[in-house]
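Values in this text are rule-based calculations from the coordinates and carry no lab data. All values reported here derive from a predicted model rather than from experimental measurement. Virtual Cβ from ideal backbone geometry, glycine too; neighbours counted across all protein chains shown.
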Amino acid sequence: MELKKVMDRIYWLLDKRRTLVTLSAYNGDSVYGEKIFNLSGKIYREWVPYRSKFAAAFYKGLNGIDIKESYKVLYLGASSGTTVSHVSDIIGVNGQVYAVEVAEEMAVNLILLAEERKNIFPIVDDARKPENYLKSVPKCDLLYQDVAQRDQTEIFIKNADLFLKSGKIGVFAVKTRSIDVSVDPREIVRNEVKKLREKFDIIREINLYPYQKDHSLIILRKK
Amino acid sequence: MDNKEFIERARKKIKEGLSIDDLIRKLIGFSDSLEKGENTVFEQLNDLYFLYYPEAANKLKERDKFIEILKESCERNSISKKLGIPPESMGFDLDDEELQLLSLSVNELSNISDLRRIVNDRLNTIIIKSYPNLSAVLGPEITARVIYLAGSSYSLLLMPSSKIQVLGAEKAMFAARKKKATPKYGVIYNHNLMVAAPDRLKGKVAKIISAYTSLAVKTDVLSKEDKSGKIMEKMLKDINKLKKANGT
């Protein structure tokens, strides 16, 4: 097996098939049942594209994004912490990922994860009301959102206004099916992008098929 | 910077956020899957019994009756007395060990059945205690179902009564976007008053019931008083008025 670097702490593991892995920042426990690789003393965790939209974007040709060690990340829609655990790998022990999740049952797993990984800061709150966690979250270097709500674009803009440093990257996962089921998905993405144009430069838009159905990942830079 | 403070706060928030609705939701899911398992096991067992004693298996197509009769013994002789059919059979003769296996399975099925009944009883008690008004209007089973579909009593409170009316008929509702007419009722179709109503009035009765459901859930969540008598009286009056106006 051979490692090919994508960017800091993210690698392709080249075997018969390529596998995306992140260099584990903490111990080598499996968080959600992913495979663990131990290569010359370093522990790598598989990043499964079917579970994580961010990983799917790498499989679909994303080859670099402005995220590195000791970054501060605001993560909206953390769910049970699948992707969050990999983000916490990438930013390392000196980074901070503020993970916002509103559903209590999902957040339980997130909190248990945060007890093991000290760079995860769980927040049980509604991303629609960023005022609630305004005091506890500092300005961030990356905003990642995956909330699958009808008004997710508005949520993104609101949070980016308050927390994202200007010139930094926002990653925005659009679930077209939760915005409108009857309209063509491409149409929806176009409309959402139009709303975002005022405050952001659109860098790239990635359709995540076949790893995630009806999902697109939009990468933006705040003006 | 340490994340202990965040964890502490989040833990507290979850403790506050969980409510009786979550328990209700989980219990319904549990009861549903018990029933599903019960039915699958029953079908297979009935099929197995058909091999041994087809004459009896054909008469025991109902789950509860099947359990009741086969619980003590599976042998042809005792069953034939209970059902009043001759013990001679064209089925395949099974050994004692296989018969034992059969009765073990029937007992297990009966245990699952009992468990589901206990779960449902407990669920009903919880619902009548925490939602007196709502359970008076809908009955405990439908109340549980409605809360399950809405997610929580608070989100049920926020729903307009027209949405409560079609809760559980999402599939038909989506079909209505394209061609068909909108559905008239969802889970409230099993309500006692709905069953009693004539077919042509079912839609209107559903409308009245859902309107009072909306009222009852608001009373339960916001004022927490038991005004079920008053609400029921008004609802029955409305339904009688409707029936009179339509000549039944």
- line: Sorted by chain and number, the residues with a modelled amide H under 5 Å from that of residue A:24, at a separation of 5 or more or across chains, are A:43, A:44, A:45
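If you count the DSSP beta bridges with both ends in chain A, what percent of them are antiparallel, to the nearest 5?
Expressed as a percentage, antiparallel bridges in chain A total about 60.
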message: Highest mean first, how do A:92-100, A:57-65, A:43-51, B:196-204 rank when packing is the count of other Cβ atoms within 10 Å averaged over residues?
response: A:92-100, A:43-51, A:57-65, B:196-204
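In debye, nearest 20, what is the charge dipole magnitude of the protein assembly as shown about its Cα centre with +1 on Lys and Arg Cβ and -1 on Asp and Glu Cβ, if you could check? Don't skip to the end; give the middle numbers.
Numbers: 79 positive and 64 negative charges, 590 e Å.
Using only the charged Cβ atoms, the result is roughly 2840 debye.
Which whole number gives the average, over all residues in A:93-104, of C-beta atoms from other chains lying within 10 Å of the residue C-beta? The partial results should precede the final answer.
Values: counts 0, 0, 0, 3, 1, 2, 2, 0, 1, 1, 2, 9.
Taking all residues of A:93-104 together, the mean is 2.
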Over the protein assembly as shown - Rg/Rh using Cα atoms and the Kirkwood inverse-distance radius: 1.08
- line: Projected onto their principal axes, the Cα atoms of chain B stretch, largest extent first, over whole-Å spans of 73, 65, 42
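In terms of the ratio Rg/(2.2 N^0.38 Å) built on C-alpha atoms, what value belongs to segment B:4-125? Show your work: numbers first, answer last.
On the way: Rg = 21.6 Å, N = 122, 2.2 N^0.38 = 13.7 Å.
Scaled against compact globular proteins, the figure is 1.58.
If you stretched the chain out fully between residue A:139 and residue A:18, how much longer would it get, using 0.36 nm times the residue separation minus the C-alpha to C-alpha distance?
Numbers: separation 121, 0.36 × 121 = 43.56 nm, distance 3.55 nm.
Here the answer is 40.0 nm.
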message: Straight-line reach only, C-alpha to C-alpha below 16 angstrom: list the aspartates and glutamates that residue B:82 could link to, leaving out same-chain residues fewer than 8 apart.
response: B:55, B:62, B:64, B:68, B:72
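Find the Cα radius of gyration of segment B:84-183, compare it with 2.2 N^0.38 Å by division, and give the number to two decimals.
Details: Rg = 22.7 Å, N = 100, 2.2 N^0.38 = 12.7 Å.
Rounded to two decimals, the normalised Rg is 1.79.
Taking N as the number of residues in segment B:45-105, what is its Cα Rg relative to 2.2 N^0.38 Å?
Details: Rg = 10.2 Å, N = 61, 2.2 N^0.38 = 10.5 Å.
Its radius of gyration relative to the 2.2 N^0.38 Å reference: 0.98.
Could you list B:213, A:82 so that the one with the fewest beta carbons within 10 Å of its beta carbon is first and the one with the most is last?
On the way: B:213 27, A:82 22.
Least crowded to most crowded, the residues run A:82, B:213.
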- request: Please sort A:145-155, B:24-34 by packing, taking for each peptide the average over its residues of neighbouring beta carbons within 10 angstrom, highest first.
  value: A:145-155, B:24-34
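Antiparallel as a % of all DSSP beta bridges within segment A:125-217, to the nearest 5? Each step should come with its number before you reach the end.
Working: 5 of 10 bridges.
Roughly 50 percent of the DSSP beta bridges within segment A:125-217 come out antiparallel.
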message: Please report the equivalent ellipsoid semi-axes of segment A:56-222, computed as sqrt(5 x eigenvalue) of the Cα gyration tensor, largest first, in whole Å.
response: 24, 17, 16
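How well do other chains shield peptide B:200-207, expressed as the mean number of their Cβ atoms within 10 Å of each residue Cβ?
On the way: counts 0, 0, 0, 0, 0, 0, 0, 0.
Average per residue, whole number: 0.
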message: If I stretch the segment between residue A:115 and residue A:209 completely, what's the gain in nm (0.36 nm per residue apart, minus their alpha carbon distance), one decimal?
response: 30.5 nm
message: For the ranges A:115-126, B:83-94, what's the packing order if you count other beta-carbon atoms within 10 Å of each residue, average per peptide, and put the highest first?
response: A:115-126, B:83-94
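In the structure shown, do any of B:178/B:202; B:13/B:163; A:68/A:222; A:135/A:199 have a Cα-Cα gap over 20 Å, and if so which?
Violating the 20 Å limit, Cα to Cα: B:178/B:202; B:13/B:163; A:135/A:199.
What translational diffusion coefficient, in µm²/s and rounded to a whole number, does the Stokes-Einstein relation yield for segment A:2-50 at 25 °C and a viscosity of 0.890 mPa s, taking the hydrodynamic radius as the Kirkwood radius over Cα pairs?
The estimated diffusion coefficient comes to 224 µm²/s.
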At R0 = 45 Å, FRET efficiency that the Cβ-Cβ distance of residue B:97 and residue B:20 yields, to 0.05: 0.40
statement: Taking every residue of B:10-18, the Cβ atoms of other protein chains inside 10 Å of its Cβ average out to 5
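Given B:179/B:207; A:53/B:171; B:171/B:224, which pairs have Cα atoms separated by over 26 Å? Kindly include the intermediate steps, with their values, before the conclusion.
Working: B:179/B:207 22 Å; A:53/B:171 28 Å; B:171/B:224 34 Å.
Violating the 26 Å Cα-Cα cut-off are A:53/B:171; B:171/B:224.
Across all directions of projection, what mean area in square nanometres is found for the Cα convex hull of segment B:139-199? If you can, show how the numbers build up before the last one.
Numbers: hull surface 18.2 nm².
One quarter of the hull surface, i.e. the mean projection, equals 4.6 nm².
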